[in-house]
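Colleague: Provided herewith is a single structure, encoded as structure tokens, for subsequent inquiry.
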Amino acid sequence: MSVRQSLLAILDQGPCYGYQLRAEFDRRTGSTWPLNVGQIYNTLDRLERDGLVTKGEVDEQGHVYWQITDAGSAEVAAWLASPVERPAGTRDELAIKLAVAATLPGVDVAAVIQTQRTASLAQLQQLNRAKYAGGDPDGPEELAWSLVIDSMIFAAEAEVRFIDHTEQRLARHPQHAMALSLSHEKPKRGRPAKTDATATVVGETAPATTATAPGARA
């Protein structure tokens, strides 16, 4: 939804054509999440279908200018006033991989963890070495870029901490306590029932934390 809402927010500043919208999105995200033109126009078509934008004037170069509707402006205001909702549970690939690997008999989980740690640390080092390639180092575009990079650094740091935490937890378990052989119990059809632990995680809201940042179609 962030692409949809971001394009709407840009159009709330004034009419734009497709390539212009892509350029404006890049300026406001530090070019860290490039969009292709097809994605821009697919999103615009859906926004038009939903009554949030309309096609406006065509300039002498053939650029079709899209403009926001009152309903679109109201959606932008609601988006900016609302928190980002994280989905309940996890589909994080790393967490699932380590959880499965830890229960597979004969798997060298320590090697799996070390391989991931090496890759995660390399990514973190690359992010910390990143330099802004734009013009004004104190301008709004640099600020947008640095905010996105800071977010990526925080995520990479959290990943490394999670890897260390996983290694420490597994070290406290005897090997036989982690291995799960295939169950001979025949599962019933349908969705499995939620466990008490899952219900608790889904039903609770995580406490807020704060941190300080490191170091178009023509």
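Colleague: Can you pull the one-decimal nm distance between simple spin-label points at residue 104 and residue 57, each 7 Å off the Cα toward Cβ?
Modeller: Spacing of the two 7 Å Cα→Cβ label points: 6.1 nm.
Colleague: Now, a different point. Once you order the gyration tensor axes a ≥ b ≥ c over the Cα atoms, which shape class does region 9-75 get: rounded for a/c under 1.5, otherwise prolate or oblate by comparing a/b with b/c?
Modeller: Note, shape of region 9-75 comes out oblate.
Colleague: Let me ask something else about it. What does the charge add up to near residue 15, with Lys and Arg as +1, Asp and Glu as -1, over the other residues with Cβ less than 14 Å from its Cβ?
Modeller: Computed value for this residue: -4.
Colleague: What residues from region 7-26 fall in the zone where the backbone N is under 18 Å from a label point 7 Å along the Cα-to-C-beta line of residue 147?
Modeller: In region 7-26, the label zone of residue 147 (backbone N under 18 Å from the point 7 Å along Cα→Cβ) covers 7-14, 22-26.
Colleague: Let me see the P(r) profile for region 60-174: every Cα-Cα distance counted, bins of 10 Å, each bin given as a percent of all pairs.
Modeller: Over region 60-174, the share of Cα pairs per 10 Å bin runs 10, 25, 25, 21, 13, 5, 1, 0 percent.
Colleague: At residue 2 and residue 71, where each label point lies 7 Å from the Cα along Cα→Cβ, what is the point-to-point distance in nanometres?
Modeller: If labels sit at residue 2 and residue 71, their model points lie 2.7 nm apart.
Colleague: Size of the dipole of region 132-174 about the Cα centre, Lys and Arg at +1 and Asp and Glu at -1 on the beta carbon, nothing else charged, in debye to 20?
Modeller: Value, rounded to 20: 520 debye.
Colleague: Residue 19 label point, 7 Å along Cα→Cβ, cut-off 17 Å on backbone N: hits in region 53-95?
Modeller: Taking a point 7 Å out along Cα→Cβ of residue 19, the residues of region 53-95 whose backbone N falls under 17 Å are 58-66.
Colleague: What is the Cα radius of gyration of region 52-111 over 2.2 N^0.38 Å, N being its residue count?
Modeller: It is 2.30.
Colleague: For residue 160 and residue 111 in one chain, what is 0.36 nm times their gap in residues minus the Cα-Cα distance, to one decimal in nm?
Modeller: 16.1 nm
Any read-out appearing in this document is the output of simple, stated calculations on the displayed coordinates, not a laboratory observation. Computed from a prediction, not measured in an experiment: that's the story for all the values here. Cβ atoms come from the backbone with ideal geometry, glycine included; neighbour counts cover every protein chain shown.
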